[in-house]
Amino acid sequence: MSEMTQTAAKPRIERSATASRTYAIFLIIGLVALILAPMFFYPIFLMKLLCFALFACAFNLLLGYTGLLSFGHATFFGGAAYFTAHVVKEWGFPPELGILTGVVGAALLGLIMGFFAIRRQGIYFAMITLALSQMFFFFCLQAKFTEGEDGIQSVPRGHLFGFIDLSGSTNMYYFVLAVFLIGMVIIWRFINSPFGMILRSIRENEPRAISLGYSVARYKLGAFVMSAALAGLAGGLKALVFQFATLTDVAWQMSGEVILMTLLGGIGTLIGPIFGAGLVVTLQNYLATSQFPVTIVTGVIFMVCVLVFRRGIIGEFYASRLGRKLGFEHRR
Amino acid sequence: MAPLLQVSNLNAWYGESHVLHGVDMTVGEGETITILGRNGVGKTTTLRTIVGIIRERKGEIRFAGKDMANVPLHKTAHNGIGFVPEERGIFSTLTVEENLMLPPVVAEGGMSLEEIYELFPNLQERRSSPGTKLSGGEQQMLAIARILRTGVKLLILDEPTEGLAPVIVQRIGEVLKTLKERGMTVLLVEQNFRFASRVADRFYLMDHGRMVANFPVAELPGKMDMLHKVLGV
Amino acid sequence: MTMIFGIPLQAFLGQLLIGLINGSFYALLSLGLAVIFGLLRVINFAHGAQYMLGAFAAMLMLEYFGINYWVALILGPIVVGLFGAVIERTMLSRLYNLDPLYGLLFTFGLALAIEGTFRYLYGAAGQPYSVPAQLAGGTNLGFMFLPIYRGWVVVVSLVACIGTWLLIEKTKLGAYLRAATENPVLVQAFGVNVPVLLTLTYGLGAALAAFAGVLAAPIYQVSPLMGSNIIIVVFAVVVVGGMGSIMGAILTGYMLGIAEGLTKVFYPEASNIVIFVIMAIVLLLRPAGLFGRDA
């Protein structure tokens, strides 16, 4: 993974004061934009975007900061969607507990999948996660509670903490935004924690990390579970937003989509996947009304990204003259 | 007559680090030349740059009158340069005979398989075993032998005696003498000074990425003091 | 009626045959993956798409040019192999100095683009391709009825597997491939054009996948999705076998195909996940894979 993650961010402490200031300004602009966004865009579109942005950031936690390419993240996203949908609809859980169930379920799935996958590295890791997630897909296809091809339909959004009605799109949007921001803060804290530093040192040079005495397998598994849990957060949220959970969310194409979002936005950049997700979701919405299949476009973007655009949007921006002027790191 | 190999002002880089700083040398047809020098002065790099493995290079490499600057790596051998790398490069998934037959014949005048087996009887005995099951000495013989088949005019050897028992070193010395009698041109890098003084016609002394001295074997006794100083032996 | 483990012999042998046929395809595909990976260090995600292209090539050649099965069996792999060679030369070859994961991602994108195009042009539904007249019908073996075409598939894919193995282990070209797998720079310094070798290898791998696709056309429906369904299973096969050994890839393919077939007899619900379960067990017991030499 060394080459792939060369573009990754250095610890924040190394950034200059200019960068911190620029960061703060961008952060405020971003927050204001997100708060005002429902006045300009369809809330449902924005909520979809936020769910996928969180999903992609959770995925990037693993690829960008640990150097592990999972081809099975649909399992956590879609699995959590099923769990949340099931407990909310069948057991009458309130939304916050429903999402929590999704997160815990996804973390457990992550623990199981990670346990097997970390036994191999690189492309084998990718293939194992893909195979295990296909296994989970077949499980969902046959299990009773997922309701097969139909999926779990008309999931109630319920009342947050018992008194905030989420059925209206404005309330729901701000709930989604809040969860999204909480997720982002967790990710930010995680990658800047000592744990995150060790993960990065594993990514840069695994043999060295081993010789320094770190239990690499345990750290990788920890990162995997963390990433799975956050993907589950996004998936559970999505189940409430759209009020259904289906097989699409656990299919391998979904795992591919989240990789594309991350690659497009910038592997190993904190906010890159948000932009990547934004682009992909917008593109999907745009193409949904045309006859032209999304798969072709997705495939071609994939190929182009890998061939000539490996830093992604945000990575390219950071490396550009403007980016460097603003105090971001120049990456090779 | 122009020398077989003429290197002028050769510079080479490994990524950022500048390793060769203007190497000048000539190798005449039929000569055996040895490059001496301490570790890390650029001897191996010189060989690898001449062969064309290292592509970040500037300066002139003229072989048999031809400018080699834009010759791709896989055409080097076809121009008549054969290479035996330091790590010998015996393939573990190939048998001894497959290793031997691997480099394509590029010109007439190479040895036949029979001649090679005559020169290296061990290889014939063990021709069906995997290449890396041979002893270090046998592997070195194999690495040299497979180039002899190809009919190249210049044989480039990187430390052929490294890590080998004295008796094997002697054997390699005999092989090089035989080659010389057949008119082969040889360029080698060698740390084993005694071995080098037995086989070489002429020496280059290398330091800090360039050639600092050049003298025939006859002048060797008078150069010992300087060699001691530069080589640190 | 003869019973075996409480199952009618007929059903048992029938599933064994299906397992053997699936195993043939797994073997052919994982073999191609292993050959490509060995030299190019690329996991060819587009292998499934190339398999699908083979099946479509057979169908379209028949539909538009009246080219029969036998010619398609040769021509299909050649066309797909050439297509693969062009892709390698123009695009894939730019990724060799990067992390191998980029090769995986690129070929994943390629697979999506190919699959999407065929879905767009021909729809997602499968289309039939009939068994060639010479291989139609079946024969009664006394204990079971064997459709001749299925027997043919088992035999011919075995021949193709062994042929590929011989090509790599016993020929001069194979020696080049093996040597270049170990040390491409040195092989190139010996005067072998390694970049062309890489192109050839990728083309050969794609052609093998297409060959499997043509063989599969009369058995399964010809559909744009047939490739992505099988490739994930083949990945699991490759994880079980390890990609260090060509023979290992072939044997694992057949073994897992048969295991899948037998699971259908004893516990049908688990038949489409049994290979993944075996993969998980192998990862626990022998993380490097059954024949693995590589980490």
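The values are calculated or read from the model by the stated rules, or taken from the named source; none is laboratory data. Bear in mind that the values here come from a model prediction, so they are computed numbers and not experimental data. Counting neighbours? That spans all protein chains shown, and the Cβs are built from the backbone with ideal geometry, glycine included. SASA here: full protein model, heavy atoms, side chains in, ligands and nucleic acids out. Shrake-Rupley method; radii C 1.70, N 1.55, O 1.52, S 1.80 Å.
Rounded if a/c is under 1.5, else prolate if a/b beats b/c, else oblate: with a ≥ b ≥ c from the C-alpha gyration tensor eigenvalues square-rooted, which is the protein assembly as shown?
oblate
So which chymotrypsin sites (Phe, Trp or Tyr not before Pro) in the stretch C:76-181 end up in coil per DSSP with only 14 or fewer other C-beta atoms within 10 Å?
On the way: sites: C:PHE83, C:TYR96, C:TYR102, C:PHE106, C:PHE108, C:PHE118, C:TYR120, C:TYR122, C:TYR129, C:PHE143, C:PHE145, C:TYR149, C:TRP152, C:TRP165, C:TYR176; in loops: C:TYR96, C:TYR129, C:PHE143.
For chymotrypsin sites (Phe, Trp or Tyr not before Pro) across the stretch C:76-181 that sit outside H, G, I, E and B with at most 14 neighbouring Cβ atoms in 10 Å, the list reads C:PHE143.
Give me the percent of the accessible area of the stretch B:3-231 that comes from carbon and sulfur atoms, probe 1.4 Å, all protein chains in place.
Percent of accessible area from carbon and sulfur atoms in the stretch B:3-231: 49.
Please work out the C-alpha center-to-center distance from the stretch B:40-114 to the stretch C:81-140 and express it in whole Å.
Between the Cα centre of the stretch B:40-114 and that of the stretch C:81-140, the gap is 38 Å.
Could you pull the Rg and Dmax for the stretch C:172-290, using just the Cα atoms, both in Å?
Cα radius of gyration and Dmax of the stretch C:172-290 are 17.7, 56 Å respectively.
What total accessible area, in Å², is buried where chains C and A meet, using a 1.4 Å probe and rounding to the nearest 100? Don't skip to the end; give the middle numbers.
Working: alone 13910 and 15720 Å², together 25440 Å².
The C and A chains share an interface burying roughly 4200 Å².
Accessible area drop of at least 50 Å² (1.4 Å probe, protein heavy atoms): which residues of the stretch B:51-83 qualify, relative to the chain alone?
Listed in order, they are B:LEU73, B:HIS74.
Chains C and B: how much accessible area gets covered up at their contact, both sides added, probe 1.4 Å, in Å² to the nearest hundred?
Between C and B, the summed buried area is about 1700 Å².
Does any residue of the stretch C:229-252 lose at least 30 Å² of accessible area with all protein chains in place compared with its chain alone, and if so which ones (probe 1.4 Å)?
Residues passing the criterion (a loss of at least 30 Å², heavy atoms only) are C:ILE232, C:PHE235, C:VAL239.
On a 0 to 90° scale, report how tilted helix C:148-170 is relative to the longest principal axis of chain C, with both axes built from alpha carbons and the result rounded to the nearest 10.
That helix lies at roughly 30 degrees to the long axis.
How large is the accessible surface of C:TRP70 in square angstrom, using a 1.4 angstrom probe and rounding to the nearest 10?
For C:TRP70, solvent-accessible area is about 80 Å².
Tell me, rounded to the nearest percent, the portion of alpha carbon pairs in chain C spaced more than 23 Å apart.
Counting pairs separated by more than 23 Å, the tail of P(r) holds 56 percent.
Find the accessible area per residue for the protein assembly as shown; the probe is 1.4 Å, ligands and nucleic acids are left out, and the unit is Å².
Ligands and nucleic acids excluded, the figure is 40 Å² per residue.
Given that compact globular proteins tend to follow 2.2 N^0.38 Å, what is the ratio of the alpha-carbon Rg of the stretch A:205-332 to that value?
Working: Rg = 17.7 Å, N = 128, 2.2 N^0.38 = 13.9 Å.
Relative to the rule-of-thumb radius for its length, the stretch A:205-332 sits at 1.27.
Could you tell me what a quarter of the Cα convex hull surface of chain A works out to, in nm² with one decimal place?
Details: hull surface 67.0 nm².
Average of the hull's projected areas for chain A equals 16.8 nm².
Note the direction-averaged projected area, equal to a quarter of the hull surface, for the Cα convex hull of the stretch B:1-83, in nm².
5.5
Hey, can you list the residues from the stretch C:188-210 whose accessible area shrinks by 30 Å² or more with all protein chains present, relative to the chain by itself (probe 1.4 Å, no ligands or nucleic acids)?
Those residues are C:GLN188, C:ALA189, C:PHE190, C:GLY191, C:ASN193.
Note down the Stokes-Einstein diffusion coefficient of chain B in µm²/s, whole number, using a Kirkwood radius over alpha carbon pairs, 10 °C, and 1.306 mPa s.
This corresponds to a translational diffusion coefficient of 88 µm²/s.
In degrees between 0 and 90, to the nearest 10, how far off the longest principal axis of chain C does helix C:226-241 point, with axes built from Cα atoms?
With both axes taken from Cα atoms, the answer is about 80 degrees.
If you roll a 1.4 Å probe over the stretch C:57-141 with all protein chains in place, what percent of the accessible area is carbon or sulfur?
Reported share for carbon and sulfur atoms: 65 percent.
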